Amino acid sequence: MIGTTASAPAWDTHLAGPIADDTWLEGDLSARQIADDIARPLENRPTAGWWMCLAASSAALMLGVGMVTYQIAVGIGTWGLNNAVGWAFDITNFVFWIGIGHAGTLISAILLLFRQSWRTSVNRSAEAMTIFAVLCAALFPLIHMGRPWLAFWVMPYPNGARSAVGQLPIAAPVGRLRDQHLPDRLRGVLVPRHDPGLRAAPRSLVRHQAIDLRRPQLRLGRQRGRGRGTRR
Amino acid sequence: MVSGANDVATQTVVNAINALLGNYETTVDLRVPSLQKQGDDDALAPAIEEMRHGDIGAVIVYGVNPRIRLRGRRRLRDGSENVPLVVAMTDRPDETTEHADIVCPDHHYLEAWADAEPVQGCYSLGQPTIRPLFDTRAAQDSLLKWIGATPDFPSYLRQFWRSEIFSRQRRVGSFDAFWNQALHDGVTEIEPPPAHSTPLPVAQATRADTLRPAIRAIETRQQAARTALGGGRYEVVVHETIALRDGRHANNPWLQELPDPITSLTWGNCAAIAPSVAAALGVANGDVISIATAGAHVDAPVYIQRGQAPGCVALALGYGRTHAGKVGRGVGANAFPFVRLVDGRREYRVLNATLTKTGRREPLALTQLHQALEGRPIVQEISLASLHAQPVAAAHGAELPLSLWDESESAHHGHLWGMSIDLTACTGCSACVVACQAENNVPVVGKDEVLRAREMHWLRIDRYHAGSDDRPQTVFQPMMCQHCNHAPCETVCPVLATVHSSEGLNQQVYNRCIGTRYCANNCPYKVRRFNWFQYANNARFDYTMNDRLEAMVLNPDVVVRSRGVMEKCSLCTQRIQAGKAARDAEHRDVRDGDIRTACQQACPADAIVFGDLNDPHSRIAQLVRDGRSYHVLDELGTRPNVSYLAKVRNPLEGSHS
């Protein structure tokens, strides 16, 4: 490890000159001592303070997980939102974490733009912070939904019903196939065979149409000899 | 002129004024009185006395709740304890059945035959719409059985109609035809008999020997009131609310959650006091005060009411029920202790009350906290004079902002449904709010949720005050989804759950909705309602959708929404569909007036009109062309299909109101 840090990579030498300079090291340390100093946090057992910090942050995480589980189980009403204030906790946290992410990106970008040769360790934490902050931020649009289990519906996957890529010409014909070329025997199972609504009260016709939107209209159009029944 | 007081002196004077103004036969019609409220206070006090003395063997209580209604309940209790038999006939347990010896469960009115004469000459029939759900018997059947009469009540009713009502009309020859028609229409009108007495002569109504004592009595009372008021003493006025009336509807969750048109209060009553009194007492909205008079004392939360007379505290009746059922039990404070019998008549006002701050707080479930329009042209007014001169509201035909949409693409070629609401006719009675709730399966959410501003009403009545605190002007504006042609909600939905129909409706597709609430955030009218919880089949919301009996109020034509989806006014799309289905079944076009929304149907003032804006001859198209017609927040370019007709006022010259 000390060998790699002592000689800077060839592509970096023309920028800032040699990294290892006598003035950077005070005292007469051997390479092994330096390596031990640097690697100590990784090679030793975690200290009591570390365990306490882990316990505190895990407790906070568990609290969050428990609360969000409760919220998803019971409803978004567990948050203090109302008819006029549709977003509060969610958008605040979303923007907060996006802001943290921006900060990490900004630190990393500025250090790169100013060609700081010592930026690597700072960049690593800054960029890690960005990634995890963005993950945290992404959580909030997900859990703020009234029905988060349907969150994938915002993705533009093709299904014919929705906009964007959804308008691919695949799903609609499949739906029509289902409606038009269903064997009569099956159709009788899925929807009532006769159209009682046509002879019964208008209310029944509406209910009938709710079961099978297409057929009564076609039947009507045929009855009247023109296609006005499809205007709906 | 109408006398609101239950007192002979005031009524004598009002009668004289009416006679002098020539109101008889023009606005006061003695031949067709309203019979909707009947009772005899004069007979009540002696009856209670007789009960106390043990002169009465049995009391049958039907259709009233004397245990809660009558002050001096102790005397009534003493009285009823001296009655060997108290029989209560009611369709639900209440305070009176608690103390009755025998309770005879009556049918619900939807299970029973009934008739009524709300206005003289106007007879109404009620027939059962459902087989009785429980082991009950109609009260009338019980009475017939007890007197040993053979026919059951339906036959008795039919016989009564044959002999008493059919015989008084000439239009229909056969009783069967008459009966079937009356049953079909639900109502039949009989020409009232010619007036027996000539209209009250002015001379008789204004006779000095009756009028002078009446005026003197009023003056004496005014004098007494003046000396009794001030110095920390107030007058208490108790009143019925439009929702619960005297408390008979206390167990109806729709009505408990119906905002009072003036205060916007739900789930409880309040002591309405003037702003100056609130300042003097050092109380704010929701601080509980103790109102004490000589014989009664009630604790109620304060509501600071602009326009309230400074010497007067107003408190609504009908609350504080102890045995009203799971919804109405213990909601609000009982104001009946303030109702006294004075000279055999019930007095709804008490002098010499003191108000003391208790230090407790009881939050008021108000649905509208802001009262001013802040100068925005949301409610438009026009004076009668200027209406005659130039009948155009300020916002009528306002210049619309630039549209980013291709207008030809959004043009509607078939129907274009719209609504027009006349603010002059609207009195804020809120019948439309309940009608909408009933028609569209709108959940009741309870006091806690209303306190969190999560009431679900698709249609609300906005109330605005203007002018001084002492004499504010008040306007009401029904507000629901405006069905914008350029709807801000539609452009932001990530899953296209709210879309525009080819007939101009802003549609909400519950199945697609994932509940981002983006649409509600973007709606400038704030009319979208979110299902914060699962309101159906949830014991936390045990109001109208929790069990199968409650769920019988639900409309089978409208889906019950699940939690996590947005909802809002659909302009009764199920009724539009039914209207179009009738068109299809009968091979004709939809006629203007065929389709009526629930709010329109319920509006007693005919302020709400629904129809096809593309039909130039429809009533709505004519109303939209009217100079009073305007759109709310037109300056935002939302192009709503709901329009309003500016409120016409006729201010007195030089007056500020």
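The values are calculated or read from the model by the stated rules, or taken from the named source; none is laboratory data. Quick caveat: nothing in here was measured; it's all calculated off a predicted structure. Because the Cβ atoms are built from the backbone with ideal geometry, glycine has one as well, and the counts that use them run over all protein chains shown.
Within the stretch A:103-110, identify whether any single residue is on the phi < 0 side of the Ramachandran plot and either within 14 Å of chain B (Cβ to nearest Cβ) or of a type in the set (S, T, N, Q) (or both), and answer yes or no. Taking every residue of the stretch A:103-110 in turn, at least one turns out to be on the phi < 0 side of the Ramachandran plot and either within 14 Å of chain B (Cβ to nearest Cβ) or of a type in the set (S, T, N, Q) (or both). If the condition is being among the hydrophobic types (A, V, I, L, M, F, W, C) and not in a helix (DSSP H, G or I), then the stretch A:58-110 contributes A:Trp79, A:Leu81, A:Ala84, A:Val85, A:Trp87, A:Ala88.
For the stretch A:117-153, residues that are under 19 Å from A:Gln71 (Cβ atoms), small (Gly, Ala, Ser), in contact (Cβ under 8 Å) with a residue 12 or more places away in the chain and in a helix (DSSP H, G or I) total 1. State yes or no: is A:Gly86 touching a residue at least 60 places away in the same chain (Cβ under 8 Å) and closer than 21 Å to A:Ala138 by Cα? The answer is no for A:Gly86.
Okay, residues lined up against (1) of a type in the set (A, V, I, L, M, F, W, C); (2) at pLDDT 85 or above; (3) loosely packed, with under 13 Cβ neighbours inside 10 Å; (4) assigned to a helix (DSSP H, G or I):
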| site | (1), (2), (3), (4) |
| --- | --- |
| B:Val14 | yes, yes, no, yes |
| B:Ala45 | yes, no, no, yes |
| B:Arg71 | no, no, no, no |
| B:Ala88 | yes, yes, no, no |
| B:Ala100 | yes, yes, no, no |
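Within the stretch B:578-588, restricting attention to residues that are farther than 12 Å from B:Asp557 by Cβ and facing another protein chain (nearest Cβ under 10 Å), the residue that is farthest from the chain's Cα centre (by Cα) is B:His587. Of all residues in the stretch B:542-551, those being surrounded by fewer than 15 Cβ atoms within 10 Å (Cβ to Cβ) and in contact (Cβ under 8 Å) with a residue 24 or more places away in the chain number 1. When the stretch B:23-40 is filtered for residues that are among the charged types (D, E, K, R) and surrounded by 12 or more Cβ atoms within 10 Å (Cβ to Cβ), the ones remaining, listed by number, are B:Glu25, B:Asp29, B:Arg31. Scanning for something assigned to a loop (DSSP other than H, G, I, E, B) and within 11 Å of chain A (Cβ to nearest Cβ), does the stretch B:600-620 turn up at least one residue? No: the stretch B:600-620 contains no residue that is assigned to a loop (DSSP other than H, G, I, E, B) and within 11 Å of chain A (Cβ to nearest Cβ).
A:Ile100 fulfils the conditions (1) in contact with a helix residue (DSSP H, G or I) (Cβ under 8 Å, 6 or more places away or on another chain); (2) within 14 Å of chain B (Cβ to nearest Cβ) except for a single criterion, (2).
Please work out if B:Val609 is under 14 Å from B:Ser420 (Cβ atoms), touching a Ser or Thr at 6+ places or on another chain (Cβ under 9 Å), at pLDDT 90 or above and assigned by TED's automatic domain parsing to the domain that holds B:Asn531. Considered against the rule, which asks whether it is under 14 Å from B:Ser420 (Cβ atoms), touching a Ser or Thr at 6+ places or on another chain (Cβ under 9 Å), at pLDDT 90 or above and assigned by TED's automatic domain parsing to the domain that holds B:Asn531, B:Val609 comes out as yes.
Looking across the stretch B:486-509, just one residue is touching a helix residue (DSSP H, G or I) at 6+ places or on another chain (Cβ under 6 Å) and among the hydroxyl-bearing types (Ser, Thr, Tyr), and that is B:Thr498.
Scanning the stretch B:578-595 for residues that are part of a loop (DSSP other than H, G, I, E, B) and at pLDDT 85 or above turns up B:Val590, B:Arg591, B:Asp592, B:Gly593, B:Asp594, B:Ile595. Scanning the stretch B:334-365 for residues that are of a type in the set (A, V, I, L, M) and either within 23 Å of B:Pro310 (Cα to Cα) or in contact with a Phe, Trp or Tyr (Cβ under 6 Å, 6 or more places away or on another chain) (or both) gives B:Ala335, B:Val339, B:Val350, B:Leu351, B:Ala353, B:Leu355, B:Leu364, B:Ala365. Apart from one condition, B:Thr544 fits all of (1) within 30 Å of B:Phe134 (Cα to Cα); (2) in contact with a Ser or Thr (Cβ under 7 Å, 6 or more places away or on another chain); the exception is (2).
Please go through the stretch A:76-89 and pick out each residue that is farther than 15 Å from B:Ala453 by Cβ and more than 9 Å from every other protein chain (Cβ to nearest Cβ). Answer for the stretch A:76-89, where residues must be farther than 15 Å from B:Ala453 by Cβ and more than 9 Å from every other protein chain (Cβ to nearest Cβ): just A:Phe89. Sort out which residues of the stretch A:38-57 are of a type outside the set (Val, Ile, Thr) and not in a helix (DSSP H, G or I), and write them in order of number. A:Asn44, A:Arg45, A:Pro46 - these are the residues of the stretch A:38-57 that are of a type outside the set (Val, Ile, Thr) and not in a helix (DSSP H, G or I). The condition (being within 17 Å of B:Val565 (Cα to Cα) and surrounded by 22 or more Cβ atoms within 10 Å (Cβ to Cβ)) is satisfied by just one residue among B:Val433, B:Val450, B:Val445: B:Val445. Contact map, the stretch B:32-49: first residue outside the structural domain of B:Val339 (by TED's automatic domain parsing), second residue part of a helix (DSSP H, G or I), Cβ cut-off under 7 Å, separation 6 or more or different chains; pairs are B:Ile48/B:Arg75; B:Ile48/B:Leu76; B:Ile48/B:Gly79. Scanning the stretch B:320-334 for residues that are at positive phi and either in a strand (DSSP E or B) or in contact (Cβ under 8 Å) with a residue 12 or more places away in the chain (or both) yields B:Gly320, B:Gly325, B:Gly332.
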